[in-house]
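The values are calculated or read from the model by the stated rules, or taken from the named source; none is laboratory data. In this text the structure is predicted, and so the values were computed from the model without any measurement. Note that we place each Cβ from the backbone using ideal geometry, even for glycine, and neighbour counts take in every protein chain shown. Each accessible area value is taken on the protein alone, full model and side chains, heavy atoms only, with ligands, DNA and RNA left out. Shrake-Rupley method; radii C 1.70, N 1.55, O 1.52, S 1.80 Å.
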Amino acid sequence: MDKRYIATPIRTKEILDKYHFTFKKSLGQNFLIDVNVLKNIIGHAGIDKTTGTIEIGPGIGALTEQLAIHSDQVVAFEIDQRLLPILQDTLSDFENINVIHEDILKADVQQVIEANFKENQPIHIVANLPYYITTPILMKLLRERLPVDSITVMIQKEVADRMAAKPNTKSYGSLTIAVQYYTEAKVVMNVPKTVFMPQPNVDSSILRLVSRSEPPVQVEDEDYFFTLVQACFAQRRKTLRNNLSSHFKDVINKDTINHVLESIGIDGTRRGESLDMQEFSILANAFYKLQHQ
Ligand code: SAM
(Lines give C-alpha, C1' and ligand atoms only; values in the text may rest on other atoms or scores of the structure.)
Protein backbone atom coordinates (compact mmCIF):
# COMPACT_ATOMS: atom_id res chain seq x y z
CA MET A 1 0.00 0.00 0.00
CA ASP A 2 1.42 3.36 -0.84
CA LYS A 3 0.79 7.08 -1.09
CA ARG A 4 -1.50 6.79 -4.11
CA TYR A 5 -4.20 5.05 -2.11
CA ILE A 6 -7.31 6.98 -1.03
CA ALA A 7 -6.65 6.48 2.69
CA THR A 8 -3.98 9.17 3.01
CA PRO A 9 -4.55 12.70 4.35
CA ILE A 10 -3.35 14.29 1.07
CA ARG A 11 -5.40 12.17 -1.32
CA THR A 12 -8.51 12.37 0.88
CA LYS A 13 -8.27 16.17 1.05
CA GLU A 14 -7.82 16.35 -2.72
CA ILE A 15 -10.99 14.32 -3.28
CA LEU A 16 -13.02 16.27 -0.72
CA ASP A 17 -11.90 19.60 -2.26
CA LYS A 18 -12.59 18.47 -5.81
CA TYR A 19 -16.22 17.68 -4.95
CA HIS A 20 -16.70 20.42 -2.30
CA PHE A 21 -17.75 17.63 0.02
CA THR A 22 -18.81 18.58 3.55
CA PHE A 23 -19.05 15.91 6.26
CA LYS A 24 -22.41 15.03 7.73
CA LYS A 25 -21.93 14.32 11.40
CA SER A 26 -25.46 12.91 11.54
CA LEU A 27 -24.33 10.10 9.18
CA GLY A 28 -21.24 9.24 11.24
CA GLN A 29 -18.87 10.34 8.50
CA ASN A 30 -15.32 9.87 9.80
CA PHE A 31 -13.11 8.76 6.94
CA LEU A 32 -10.02 6.61 7.40
CA ILE A 33 -6.77 8.36 6.45
CA ASP A 34 -4.21 5.83 7.68
CA VAL A 35 -2.93 3.08 5.40
CA ASN A 36 -1.49 1.05 8.28
CA VAL A 37 -4.86 0.79 10.01
CA LEU A 38 -6.42 -0.26 6.71
CA LYS A 39 -3.73 -2.92 6.34
CA ASN A 40 -4.67 -4.21 9.77
CA ILE A 41 -8.37 -4.39 8.97
CA ILE A 42 -7.68 -6.20 5.69
CA GLY A 43 -5.19 -8.54 7.40
CA HIS A 44 -7.75 -9.62 9.99
CA ALA A 45 -10.77 -9.79 7.67
CA GLY A 46 -10.10 -13.34 6.45
CA ILE A 47 -10.46 -12.37 2.79
CA ASP A 48 -8.64 -13.55 -0.33
CA LYS A 49 -9.24 -13.49 -4.09
CA THR A 50 -11.91 -16.19 -3.79
CA THR A 51 -14.11 -14.37 -1.27
CA GLY A 52 -16.98 -11.96 -1.60
CA THR A 53 -17.06 -8.92 0.67
CA ILE A 54 -19.83 -6.64 1.87
CA GLU A 55 -18.99 -3.14 3.04
CA ILE A 56 -21.31 -0.80 4.92
CA GLY A 57 -20.66 2.91 4.30
CA PRO A 58 -17.85 3.15 1.71
CA GLY A 59 -17.50 6.94 2.14
CA ILE A 60 -15.06 8.03 -0.58
CA GLY A 61 -13.80 4.48 -1.03
CA ALA A 62 -10.73 4.18 1.23
CA LEU A 63 -11.56 0.68 2.43
CA THR A 64 -13.57 -0.30 -0.66
CA GLU A 65 -10.48 0.10 -2.83
CA GLN A 66 -8.52 -2.33 -0.64
CA LEU A 67 -11.40 -4.81 -0.55
CA ALA A 68 -11.53 -4.74 -4.35
CA ILE A 69 -7.80 -5.43 -4.55
CA HIS A 70 -7.83 -8.24 -1.99
CA SER A 71 -11.14 -10.03 -2.66
CA ASP A 72 -13.14 -11.33 -5.60
CA GLN A 73 -16.26 -9.16 -5.50
CA VAL A 74 -17.34 -6.21 -3.33
CA VAL A 75 -20.83 -4.96 -2.57
CA ALA A 76 -21.01 -1.66 -0.67
CA PHE A 77 -24.12 -0.05 0.86
CA GLU A 78 -23.98 3.76 1.05
CA ILE A 79 -26.84 5.94 2.32
CA ASP A 80 -25.45 9.34 1.27
CA GLN A 81 -26.40 10.11 -2.33
CA ARG A 82 -23.66 12.80 -2.57
CA LEU A 83 -21.00 10.08 -2.31
CA LEU A 84 -22.18 8.09 -5.33
CA PRO A 85 -20.56 10.23 -8.08
CA ILE A 86 -17.41 10.51 -5.95
CA LEU A 87 -17.17 6.73 -5.60
CA GLN A 88 -17.72 6.31 -9.31
CA ASP A 89 -14.67 8.47 -9.85
CA THR A 90 -12.36 7.17 -7.09
CA LEU A 91 -13.12 3.50 -7.81
CA SER A 92 -13.22 3.77 -11.61
CA ASP A 93 -10.25 1.40 -11.99
CA PHE A 94 -12.23 -1.51 -10.55
CA GLU A 95 -14.82 -3.73 -12.17
CA ASN A 96 -15.56 -5.87 -9.13
CA ILE A 97 -17.40 -3.28 -7.02
CA ASN A 98 -21.15 -2.77 -6.83
CA VAL A 99 -22.21 0.30 -4.81
CA ILE A 100 -25.82 0.15 -3.67
CA HIS A 101 -27.49 3.40 -2.62
CA GLU A 102 -29.44 2.15 0.39
CA ASP A 103 -29.80 2.40 4.14
CA ILE A 104 -28.27 -0.83 5.46
CA LEU A 105 -30.94 -1.01 8.16
CA LYS A 106 -33.61 -1.26 5.47
CA ALA A 107 -31.71 -3.40 2.98
CA ASP A 108 -32.60 -6.98 2.07
CA VAL A 109 -29.02 -8.20 2.48
CA GLN A 110 -29.90 -11.84 1.86
CA GLN A 111 -31.32 -10.97 -1.53
CA VAL A 112 -28.27 -8.82 -2.35
CA ILE A 113 -26.00 -11.73 -1.46
CA GLU A 114 -27.91 -14.07 -3.77
CA ALA A 115 -27.78 -11.54 -6.61
CA ASN A 116 -24.09 -10.61 -6.31
CA PHE A 117 -22.08 -13.60 -5.13
CA LYS A 118 -21.48 -17.08 -6.44
CA GLU A 119 -23.24 -20.03 -4.85
CA ASN A 120 -21.38 -21.17 -1.71
CA GLN A 121 -18.82 -18.38 -2.07
CA PRO A 122 -17.29 -17.48 1.31
CA ILE A 123 -18.58 -14.01 2.31
CA HIS A 124 -17.11 -11.58 4.81
CA ILE A 125 -18.46 -8.25 6.03
CA VAL A 126 -15.82 -5.55 6.48
CA ALA A 127 -16.56 -1.96 7.45
CA ASN A 128 -15.66 1.22 9.25
CA LEU A 129 -19.15 1.61 10.66
CA PRO A 130 -21.08 4.85 11.20
CA TYR A 131 -20.88 5.08 15.00
CA TYR A 132 -24.37 6.43 15.60
CA ILE A 133 -25.91 3.07 14.60
CA THR A 134 -23.18 0.50 15.29
CA THR A 135 -25.29 -1.75 17.50
CA PRO A 136 -28.50 -1.73 15.38
CA ILE A 137 -26.44 -2.57 12.27
CA LEU A 138 -24.56 -5.45 13.88
CA MET A 139 -27.66 -6.87 15.57
CA LYS A 140 -29.58 -6.72 12.29
CA LEU A 141 -26.80 -8.59 10.47
CA LEU A 142 -26.55 -11.23 13.20
CA ARG A 143 -30.29 -11.79 13.73
CA GLU A 144 -30.86 -12.28 10.01
CA ARG A 145 -28.45 -15.23 10.14
CA LEU A 146 -26.91 -14.30 6.83
CA PRO A 147 -24.59 -16.80 5.15
CA VAL A 148 -21.58 -14.76 6.23
CA ASP A 149 -18.36 -16.23 7.64
CA SER A 150 -17.15 -13.25 9.59
CA ILE A 151 -17.64 -9.57 10.34
CA THR A 152 -14.63 -7.30 10.85
CA VAL A 153 -15.54 -3.77 11.83
CA MET A 154 -14.12 -0.55 13.18
CA ILE A 155 -16.43 0.66 15.97
CA GLN A 156 -16.31 2.68 19.19
CA LYS A 157 -13.89 1.07 21.65
CA GLU A 158 -16.47 1.01 24.41
CA VAL A 159 -18.98 -0.91 22.28
CA ALA A 160 -16.30 -3.32 20.98
CA ASP A 161 -15.30 -4.03 24.61
CA ARG A 162 -18.93 -4.77 25.51
CA MET A 163 -19.38 -7.13 22.57
CA ALA A 164 -16.19 -9.09 23.32
CA ALA A 165 -16.46 -8.98 27.14
CA LYS A 166 -16.01 -11.81 29.64
CA PRO A 167 -18.21 -12.38 32.75
CA ASN A 168 -17.43 -10.39 35.90
CA THR A 169 -16.19 -7.34 34.02
CA LYS A 170 -17.65 -3.86 33.74
CA SER A 171 -18.27 -4.26 30.00
CA TYR A 172 -20.15 -7.57 30.30
CA GLY A 173 -23.90 -7.26 29.70
CA SER A 174 -26.87 -8.25 27.59
CA LEU A 175 -25.15 -6.98 24.41
CA THR A 176 -22.25 -9.37 25.13
CA ILE A 177 -24.62 -12.33 25.31
CA ALA A 178 -26.55 -11.25 22.21
CA VAL A 179 -23.38 -10.96 20.10
CA GLN A 180 -21.60 -14.03 21.50
CA TYR A 181 -24.69 -16.18 20.99
CA TYR A 182 -24.15 -15.79 17.23
CA THR A 183 -20.38 -15.29 17.01
CA GLU A 184 -17.00 -15.60 18.65
CA ALA A 185 -15.99 -12.01 19.35
CA LYS A 186 -12.50 -10.55 19.70
CA VAL A 187 -11.03 -7.05 19.81
CA VAL A 188 -8.05 -7.22 17.47
CA MET A 189 -6.69 -3.70 17.76
CA ASN A 190 -7.34 -0.36 19.45
CA VAL A 191 -7.13 2.64 17.17
CA PRO A 192 -6.43 6.30 18.02
CA LYS A 193 -8.73 9.14 16.91
CA THR A 194 -6.00 10.58 14.72
CA VAL A 195 -6.53 8.03 11.93
CA PHE A 196 -9.85 9.64 10.95
CA MET A 197 -10.87 12.79 9.14
CA PRO A 198 -12.60 14.49 10.90
CA GLN A 199 -11.54 13.02 14.24
CA PRO A 200 -14.43 11.45 16.22
CA ASN A 201 -14.97 12.20 19.93
CA VAL A 202 -14.46 8.59 20.97
CA ASP A 203 -11.68 6.01 20.75
CA SER A 204 -12.10 3.12 18.33
CA SER A 205 -11.30 -0.57 18.03
CA ILE A 206 -11.32 -3.18 15.32
CA LEU A 207 -13.71 -5.94 16.34
CA ARG A 208 -13.73 -9.35 14.69
CA LEU A 209 -16.80 -11.58 14.87
CA VAL A 210 -16.56 -15.12 13.53
CA SER A 211 -19.95 -16.76 12.87
CA ARG A 212 -20.75 -19.89 14.87
CA SER A 213 -22.20 -22.83 12.98
CA GLU A 214 -24.34 -23.61 16.04
CA PRO A 215 -25.29 -21.43 19.02
CA PRO A 216 -23.08 -22.26 22.03
CA VAL A 217 -26.16 -23.03 24.18
CA GLN A 218 -29.57 -24.54 23.51
CA VAL A 219 -32.49 -22.31 24.41
CA GLU A 220 -36.21 -23.09 24.33
CA ASP A 221 -37.06 -19.72 22.80
CA GLU A 222 -34.50 -17.15 21.63
CA ASP A 223 -36.64 -14.04 22.23
CA TYR A 224 -37.50 -15.26 25.72
CA PHE A 225 -33.80 -15.94 26.41
CA PHE A 226 -32.63 -12.49 25.27
CA THR A 227 -35.44 -10.75 27.17
CA LEU A 228 -34.59 -12.60 30.37
CA VAL A 229 -30.87 -11.82 30.01
CA GLN A 230 -31.74 -8.13 29.62
CA ALA A 231 -33.89 -8.33 32.75
CA CYS A 232 -30.96 -9.79 34.74
CA PHE A 233 -28.87 -6.72 33.85
CA ALA A 234 -31.73 -4.20 34.25
CA GLN A 235 -30.17 -2.82 37.43
CA ARG A 236 -26.58 -3.96 37.53
CA ARG A 237 -26.12 -3.43 41.27
CA LYS A 238 -29.19 -5.48 42.16
CA THR A 239 -29.06 -9.20 42.85
CA LEU A 240 -30.32 -11.69 40.31
CA ARG A 241 -33.29 -12.46 42.56
CA ASN A 242 -34.32 -8.79 42.76
CA ASN A 243 -33.97 -8.16 39.03
CA LEU A 244 -36.04 -11.27 38.33
CA SER A 245 -38.69 -10.15 40.87
CA SER A 246 -39.00 -6.78 39.12
CA HIS A 247 -39.20 -8.46 35.74
CA PHE A 248 -41.85 -11.03 36.68
CA LYS A 249 -43.65 -8.59 39.03
CA ASP A 250 -47.28 -9.70 38.80
CA VAL A 251 -46.66 -12.93 36.93
CA ILE A 252 -44.36 -15.07 39.11
CA ASN A 253 -44.12 -14.50 42.87
CA LYS A 254 -40.89 -14.28 44.87
CA ASP A 255 -41.22 -17.73 46.47
CA THR A 256 -41.56 -19.36 43.09
CA ILE A 257 -38.57 -17.42 41.75
CA ASN A 258 -36.49 -18.61 44.71
CA HIS A 259 -37.71 -22.12 44.17
CA VAL A 260 -36.71 -22.10 40.48
CA LEU A 261 -33.27 -20.64 41.30
CA GLU A 262 -32.72 -23.31 43.93
CA SER A 263 -33.81 -26.10 41.60
CA ILE A 264 -31.20 -25.11 39.01
CA GLY A 265 -28.48 -24.44 41.59
CA ILE A 266 -28.00 -20.74 40.85
CA ASP A 267 -27.59 -18.52 43.91
CA GLY A 268 -30.12 -15.67 43.78
CA THR A 269 -27.80 -13.31 45.65
CA ARG A 270 -25.38 -13.29 42.69
CA ARG A 271 -25.40 -10.44 40.21
CA GLY A 272 -26.24 -10.86 36.53
CA GLU A 273 -22.70 -10.00 35.53
CA SER A 274 -21.37 -13.17 37.22
CA LEU A 275 -23.44 -15.57 35.07
CA ASP A 276 -21.93 -17.04 31.93
CA MET A 277 -23.91 -17.85 28.79
CA GLN A 278 -24.48 -21.46 29.89
CA GLU A 279 -25.99 -20.34 33.20
CA PHE A 280 -28.21 -17.78 31.48
CA SER A 281 -29.52 -20.49 29.17
CA ILE A 282 -30.33 -22.79 32.12
CA LEU A 283 -32.06 -19.90 33.89
CA ALA A 284 -34.10 -18.86 30.85
CA ASN A 285 -35.10 -22.44 30.00
CA ALA A 286 -36.27 -23.08 33.58
CA PHE A 287 -38.53 -20.00 33.65
CA TYR A 288 -39.72 -20.66 30.11
CA LYS A 289 -40.82 -24.17 31.08
CA LEU A 290 -42.53 -22.84 34.20
CA GLN A 291 -44.54 -20.39 32.12
CA HIS A 292 -45.32 -22.74 29.26
CA GLN A 293 -46.08 -26.05 30.94
N1 SAM B 1 -15.58 3.47 4.74
C2 SAM B 1 -15.23 4.87 4.76
C3 SAM B 1 -13.89 5.05 5.42
O4 SAM B 1 -13.49 4.14 6.16
O5 SAM B 1 -13.23 6.05 5.20
C6 SAM B 1 -16.28 5.71 5.48
C7 SAM B 1 -16.65 5.28 6.88
S8 SAM B 1 -17.69 6.40 7.74
C9 SAM B 1 -17.26 6.02 9.41
C10 SAM B 1 -19.33 5.71 7.67
C11 SAM B 1 -20.02 5.70 6.31
O12 SAM B 1 -21.32 5.08 6.45
C13 SAM B 1 -20.30 7.06 5.67
O14 SAM B 1 -19.94 7.03 4.32
C15 SAM B 1 -21.82 7.25 5.81
O16 SAM B 1 -22.38 8.08 4.83
C17 SAM B 1 -22.30 5.81 5.72
N18 SAM B 1 -23.60 5.53 6.36
C19 SAM B 1 -24.13 6.13 7.46
N20 SAM B 1 -25.32 5.58 7.78
C21 SAM B 1 -25.54 4.58 6.88
C22 SAM B 1 -26.61 3.64 6.68
N23 SAM B 1 -27.67 3.61 7.49
N24 SAM B 1 -26.53 2.78 5.63
C25 SAM B 1 -25.45 2.80 4.80
N26 SAM B 1 -24.41 3.67 4.94
C27 SAM B 1 -24.45 4.54 5.96
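What FRET efficiency do you get for VAL251 and LYS106 if R0 is 25 Å and r is their Cβ-Cβ distance, rounded to the nearest 0.05?
The value I calculate is 0.10.
So how do ASP80, ASP93 rank on accessible area, 1.4 Å probe, biggest first, that is with the largest at the start?
Result of the area sort, largest leading: ASP93, ASP80.
Not counting ligands, DNA or RNA, and with a 1.4 Å probe, what is ARG241's accessible surface area in Å² rounded to the nearest 10?
That residue has around 90 Å² of solvent-accessible surface.
What does DSSP give for region 9-211 in terms of the percent of beta bridges that are antiparallel, rounded to the nearest 5?
50
Starting from the amide H of ASP80, placed 1.01 Å from N in the peptide plane, find each other amide H under 5 Å away whose residue is 5 or more places distant or on another chain.
none
Once every DSSP H run of n ≥ 4 in the chain is given -39500 (n - 2.57) and the sum is divided by its residues, what mean residue ellipticity at 222 nm do you get, rounded to the nearest 500 deg cm²/dmol?
The per-residue figure over the chain is -11500 deg cm²/dmol.
Of TYR172, TYR131, which has the most accessible area with a 1.4 Å probe, and how do the rest follow in descending order?
Solvent-accessible surface, decreasing: TYR131, TYR172.
Do any of LYS254/LYS289; LYS24/LYS106; LYS13/LYS193; LYS166/LYS249; LYS25/LYS140 go past 26 Å between their Cα atoms, and which?
Table pairs above 26 Å Cα-Cα are LYS166/LYS249.
Mind ordering 254-262, 121-129 by average Cβ neighbours within 10 Å, highest first?
Output ranking for 254-262, 121-129: 121-129, 254-262.
Taking a point 7 angstrom from the Cα of THR50 along the C-beta vector, which residues in region 73-92 have backbone N less than 20 Å away?
73-75, by backbone N distance to the label point.
Only Cα pairs under 8 Å and at least 6 apart count here; give the relative contact order of the chain as a rounded whole percent.
15
What is the Å³ per residue value for the convex hull set by the Cα atoms of the chain?
Looking at the chain, the number lands at 136 Å³ per residue.
Once neighbouring chains are kept in place and the probe is 1.4 Å, which whole percent of the accessible area of region 130-227 is contributed by carbon and sulfur?
46
Report, to two decimal places, the Cα Rg of region 180-286 normalised by 2.2 N^0.38 Å (N = number of residues).
Dividing the Cα radius of gyration by 2.2 N^0.38 Å gives 1.39.
With the Cα gyration tensor of region 59-170 in hand, give its eigenvalues times 5 under a square root as the equivalent ellipsoid semi-axes, listed largest first in whole angstrom.
So the three semi-axes of region 59-170 are 25, 17, 14 Å.
Per residue, how much accessible surface does region 1-124 expose to a 1.4 Å probe? Answer in Å², no decimals.
Averaged over the residues of region 1-124, the accessible area is 49 Å².
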